[in-house]
Amino acid sequence: MIVRDPEVENREYPFATLNSFITPTAEFYLRNHYPYPTIDAQTWRMTVEGRVEQPVVLGYAELRQLPAETITVTMECAGNNRSLLTPKTEGMQWAQGAVGNATWTGVPLQAILTRAGVQPDAIEVIVEGTDKGEIKEPPKPDGEIHYTRSLPLDDPILTNALLAYAMNGEALSLAHGYPLRLIVPGWYGMASVKWVTRLIVTAKPFHGYYQSIDYALWERVDGIPTRVPITTMQTKASIARPECQEEIPLHTPFCINGAAWSGTDEIAKVEISVDAGQSWHPAQLLGEPVRYAWRLWTYNAPPFTRPGFYTIMARATDTSGCTQAMQRQPDRENYVISHVIPVPITVQ
Ligand SMILES: Nc1nc2c(c(=O)[nH]1)N[C@H]1C(S)=C(S)[C@@H](COP(=O)(O)O)O[C@H]1N2
Ligand SMILES: [Mo]
């Protein structure tokens, strides 16, 4: 694992080593804003409050007895690939490994909300984590805050959101949110709140720090830049090997491999270019499509016959026909990095 922060545990997967559909838990990236909270499963409770018919309080043992579901979900941090942006931007300087694919087991969020009974005027559910701390850079509220995000109640994604207590068939580790974390399939990782203690059903749009200041971006509405929370993962292919600056032997066939994912659709195709985007060739998609999970792919490249510097690229197209852009949209600032990223290699 590559460590990205000496103070709070933040580390990423060395993406070049990608070789399995499921990311082993020990290799799954970690994104933490605050030190780990102290959790005692005996006394831990999750409450459901706000615009509900009856507030609900659930303990760990009780939650684990409710009807459960298991889903395979690829989670990518909205800042993944940030270190490859020029000019440099603020934030954790992730390379390619702030992404992973795991199975998650838990109770559908919807089932818990139904149990509490959502009042007719409710529009969002706020999900609060136990972890807390002080924001360092302004604009910031005074004092400590908890990591908190909300989900709109009318978004179709709500029916797939899971309150998970297990990851890859084992009890969730503290680092990944023990005892309970939200998993929002198809959305960037910031929505999947760890160490969940409180669900607040609300009749007003939520504008917490991690909703409207951080993990938000500019979207043009009638031409006006408007602040909106980051949600759906954009369609993207990422090259594992060759790595940036890798040396490829002359006159030798070589393999290009990686993964591709999309928050809304399945991956329809991945195309490869070994000539800086002049010509594109289809990669082979491995395995079967799994909704909300990435698709591994591989491409057997013909040998280079002349030494020199080359640029390889991969671009994904999803089943609704959307292909990754070649250029970055500047409105996205330091988040949602989904344009085609060139990988320079040397052939000798
Ligand atoms: N409570 C809490 N939940 C959180 C975070 C956090 O710092 N605190 N980080 C979020 C972000 S930005 C990401 S990308 C994912 C990372 O999940 P992981 O550490 O299990 O990989 O958790 C999200 N949920
Ligand atoms: Mo993230």
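The values are calculated or read from the model by the stated rules, or taken from the named source; none is laboratory data. In this text the structure is predicted, and so the values were computed from the model without any measurement. We place every Cβ from the backbone using ideal geometry, glycine too, and count neighbours over all the protein chains shown.
Some notes on this structure:
- Residue count for region 72-90, restricted to those that are at pLDDT 95 or above and either part of a helix (DSSP H, G or I) or in contact with a helix residue (DSSP H, G or I) (Cβ under 7 Å, 6 or more places away or on another chain) (or both): 6
- Matching entry among 34, 29 (being aromatic (Phe, Trp, Tyr), touching a Lys or Arg at 6+ places or on another chain (Cβ under 9 Å) and either more than 11 Å from ligand 1 (Cβ to nearest atom) or over 22 Å from residue 157 (Cβ atoms) (or both)): 34
- Matching option when the condition is away from ligand 2 (no atom under 16 Å from the Cβ), part of a loop (DSSP other than H, G, I, E, B) and closer than 24 Å to residue 234 by Cβ, among 205, 179, 185: 205
- Number of the exception - residue 159 against (1) in a helix (DSSP H, G or I); (2) under 16 Å from the mean Cα position of the chain (by Cα): (2)
- Count of residues meeting criterion [assigned to a strand (DSSP E or B) and out of contact with any Cys (no Cβ under 8 Å at 6 or more places or on another chain)] in region 310-344: 10
- For the residues 282, 302, 330, 307, the requirement of being of a type outside the set (A, V, I, L, M), loosely packed, with under 14 Cβ neighbours inside 10 Å and within 28 Å of residue 90 (Cβ to Cβ) singles out 330.
- Every pair of residues 6+ apart whose Cβ atoms lie under 8 Å, when the first sits in region 191-219 and is free of Cβ contacts under 8 Å to residues at least 40 places away in the same chain while the second is of a type in the set (D, E, K, R) and surrounded by fewer than 20 Cβ atoms within 10 Å (Cβ to Cβ): 212/227; 216/227
- Unmet requirement for residue 44, which otherwise passes all of (1) over 28 Å from residue 298 (Cβ atoms); (2) surrounded by 17 or more Cβ atoms within 10 Å (Cβ to Cβ); (3) near ligand 1 (Cβ under 9 Å from one of its atoms): (3)
For (1) out of contact with any Lys or Arg (no Cβ under 9 Å at 6 or more places or on another chain); (2) surrounded by 16 or more Cβ atoms within 10 Å (Cβ to Cβ), each residue gets a yes or a no:
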{"residue": "72", "(1), (2)": "no, yes"}
{"residue": "77", "(1), (2)": "no, yes"}
{"residue": "82", "(1), (2)": "no, yes"}
{"residue": "86", "(1), (2)": "yes, no"}
{"residue": "89", "(1), (2)": "no, no"}
{"residue": "95", "(1), (2)": "no, yes"}
{"residue": "105", "(1), (2)": "yes, yes"}
{"residue": "108", "(1), (2)": "yes, yes"}
{"residue": "113", "(1), (2)": "yes, yes"}
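- Selection from region 1-27 of residues that are of a type outside the set (A, V, I, L, M), in contact with a Phe, Trp or Tyr (Cβ under 7 Å, 6 or more places away or on another chain) and in a loop (DSSP other than H, G, I, E, B): 13, 23
- Those residues of region 177-212 which are more than 28 Å from residue 54 (Cα to Cα) and surrounded by fewer than 19 Cβ atoms within 10 Å (Cβ to Cβ), in sequence order: 212
- If the condition is being assigned to a strand (DSSP E or B) and not small (Gly, Ala, Ser), then region 91-127 contributes 99, 101, 103, 104, 105, 107, 108, 118, 124, 125, 126, 127.
- Residue in region 51-70 that is part of a loop (DSSP other than H, G, I, E, B), within 16 Å of ligand 2 (Cβ to nearest atom) and surrounded by fewer than 16 Cβ atoms within 10 Å (Cβ to Cβ) present: no
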